[in-house]
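Just below is one structure, and these are the notes that go with it.
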Amino acid sequence: MDNVNILLVDDEVPFVETITKRLSKRNLSITPAYSGKEALEKLKTTENIDVVILDVKMPGMDGIATLQEIKKRHPLVEVIMLTAHATVESGIEGMKIGAFDYLMKPCDMDTLIAKVQEASSKKRAHEEKIIAASIKEITGRMA
């Protein structure tokens, strides 16, 4: 997998450290955040985040509220929701708001990586369509 930039958001520090180590071994670039607010700040200041892996249950701003803000401010960024509390409802709610998918914690690494690849491909396809449409518009005006 080439150059996928991931923002990993979870209030559990050991979980973030473990997942960061495991994903970094597979040449993925990981930016950690430990709250919804921090995630939004990092999205503002970090270039080229492709996929956000976002925990649903966090103190303060929870995953659903964070997802809503991400989709408002960064509509092309794909979000994979993680839930430990078998709350399938929150995963489904996240999908309605625009999450790419949701997985149960603890999640299988290969499944998570496959979802990250799919989400990243979807984001890149969207970006290419936007670029192609922009070029078409510009060249159409020049003709």
Query raised in the report: Quick one: is LEU40 crowded, with 17+ Cβ neighbours inside 10 Å, modelled with pLDDT of 95 or more, in contact with a helix residue (DSSP H, G or I) (Cβ under 6 Å, 6 or more places away or on another chain) and part of a helix (DSSP H, G or I)?
Result: yes
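For the range 51-143, which helices (runs of 4 or more DSSP H) that fit wholly inside it have 3 or more residues that are on the phi > 0 side of the Ramachandran plot, surrounded by 15 or more Cβ atoms within 10 Å (Cβ to Cβ) and at pLDDT 95 or above?
none
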Report summary line: Those residues of the range 1-37 that are part of a helix (DSSP H, G or I), under 24 Å from GLU89 (Cα atoms) and not aromatic (Phe, Trp, Tyr) come to a total of 3
Query raised in the report: How many residues are surrounded by fewer than 17 Cβ atoms within 10 Å (Cβ to Cβ) and free of Cβ contacts under 8 Å to residues at least 60 places away in the same chain if we restrict to the range 19-33?
Result: 6
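The values are calculated or read from the model by the stated rules, or taken from the named source; none is laboratory data. Everything numeric in this text was worked out from a predicted model, so none of it was measured. Ideal geometry is used to build each Cβ from the backbone, glycine not excepted, and the neighbour counts take in all protein chains shown.
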